[in-house]
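Inspection log for the structure reproduced underneath, given as structure tokens.
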Amino acid sequence: VQLQASGGGLVQAGGSLRLSCVASGIPFTEYHMAWYRQGPGGQREFLARISTESIPFYVDSVKGRFTVSRANARNTAILQMNDLKPEDTAVYYCHCLNRVDSNFNYWGQGTQVTVSS
């Protein structure tokens, strides 16, 4: 199983980035997809999730700025991030969770997002 996250980079405050997570080795439509981030010296925090039925959920800190989606035909989860702030600087990770058995869950390798003020 592999989750390949990409799309991170350096952006100015107020800018946008689009993260992608391509999954392989799993039946993608059987997995909920989620995004987390971990800032410098911080704990990994949950940001957003897109269910197998394509129902999104967000934490308050990103609601209205971030949009999570999935493209099942391409085994890809997407996180569109707008109006980025310096406090969004972190390593962003994708995670998948089997809709039936939570023992089947996997992490991607992370992609760095840096927002300058």
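The values are calculated or read from the model by the stated rules, or taken from the named source; none is laboratory data. Just so it is clear, the structure is predicted and the values come from calculations on it, not from any experiment. Backbone-built Cβ (ideal geometry, glycine too); neighbour counts: all protein chains shown. Quick note on the areas: whole protein, heavy atoms, side chains included, nothing else; ligands and nucleic acids left out. Shrake-Rupley method; radii C 1.70, N 1.55, O 1.52, S 1.80 Å.
Of note:
- Qualifying positions in the range 70-88 - basic (K, R) and under 15 Å from Y31 (Cβ atoms): R70, R74
- Condition met for Y36 (within 12 Å of the chain's Cα centre (by Cα) and among the hydroxyl-bearing types (S, T, Y)): yes
- Within the span defined as the range 16-38, one or more residues are touching a Phe, Trp or Tyr at 6+ places or on another chain (Cβ under 8 Å) and among the charged types (D, E, K, R).
- Any hit, the range 93-108, residues being outside any loop (DSSP other than H, G, I, E, B) and out of contact with any strand residue (DSSP E or B) (no Cβ under 6 Å at 6 or more places or on another chain): no
- First in the range 88-117 and closer than 24 Å to V11 by Cβ and touching a residue at least 60 places away in the same chain (Cβ under 8 Å), second anywhere and open to solvent by 80 Å² or more (accessible area, probe 1.4 Å) and aromatic (F, W, Y), Cβ under 9 Å, 6 or more apart: Y93/W107; C94/W107; H95/W107
- Residue list for the range 40-73, restricted to those being touching a helix residue (DSSP H, G or I) at 6+ places or on another chain (Cβ under 9 Å) and of a type in the set (K, R): R65, R70
- Among (1) farther than 19 Å from L84 by Cα; (2) touching a residue at least 60 places away in the same chain (Cβ under 8 Å) - the single one Q38 does not satisfy: (1)
- All positions within the range 88-117 that are in contact with a helix residue (DSSP H, G or I) (Cβ under 9 Å, 6 or more places away or on another chain) and either among the hydrophobic types (A, V, I, L, M, F, W, C) or open to solvent by 70 Å² or more (accessible area, probe 1.4 Å) (or both): C96, R99, V100, F104, V113, V115, S117
- Within the range 1-87, strands (runs of 3 or more DSSP E) holding 2 or more residues that are surrounded by 14 or more Cβ atoms within 10 Å (Cβ to Cβ): 2-6, 17-24, 31-38, 44-50, 56-58, 66-71, 76-81
- Residue in the range 39-53 that is of a type in the set (V, I, T) and in contact with an Asp or Glu (Cβ under 8 Å, 6 or more places away or on another chain) present: yes
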